[in-house]
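Heads up: the structure comes next, in structure tokens.
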Amino acid sequence: MYPFHWVPAGGARHASTDARPDGALAYPSGTGVRTLCGAELVADNSEVAWLWGTCTDCNAAARRMADDAR
């Protein structure tokens, strides 16, 4: 597994290394998260939010982390 999780927040899908609540597969809506692009946002775990575009800065940082984990 990778050290980051995807989270829709602020109108885009971001990645975060913040811990999720115990047993949660996603950050619950309303959860504050710090993203890999450096933003502090509030998670929106709605169905539509998962269709938002991906933050390019979070995507680049997540790819670097995934490459490093190999």
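Of all residues in region 26-70, those satisfying the criterion of being in a helix (DSSP H, G or I), exposed (fewer than 13 other Cβ atoms within 10 Å of the Cβ) and charged (D, E, K, R) are ARG63, ARG64, ASP67, ASP68. Taking the criterion of being closer than 23 Å to ASP67 by Cα and free of Cβ contacts under 8 Å to residues at least 12 places away in the same chain, the only residue of region 7-24 that qualifies is ALA19. For first residues located in region 52-70 and over 13 Å from PRO8 (Cα atoms) and in contact (Cβ under 8 Å) with a residue 24 or more places away in the chain, partners that are surrounded by fewer than 16 Cβ atoms within 10 Å (Cβ to Cβ) and hydroxyl-bearing (Ser, Thr, Tyr) and lie 6+ apart or on another chain with Cβ distances below 6 Å form the pairs ALA66/TYR2; ALA69/TYR2.
Picking from THR17, THR31, THR56, which residue would you name as being hydroxyl-bearing (Ser, Thr, Tyr), at pLDDT 95 or above and under 10 Å from the mean Cα position of the chain (by Cα)?
Working: THR31 fails: under 10 Å from the mean Cα position of the chain (by Cα); THR56 fails: under 10 Å from the mean Cα position of the chain (by Cα).
Among THR17, THR31, THR56, only THR17 is hydroxyl-bearing (Ser, Thr, Tyr), at pLDDT 95 or above and under 10 Å from the mean Cα position of the chain (by Cα).
The values are calculated or read from the model by the stated rules, or taken from the named source; none is laboratory data. Fair warning: this is a prediction, and the values are worked out from it, not measured in the lab. Every residue, glycine among them, receives a Cβ derived from its backbone with ideal geometry; neighbour counts consider all protein chains shown.
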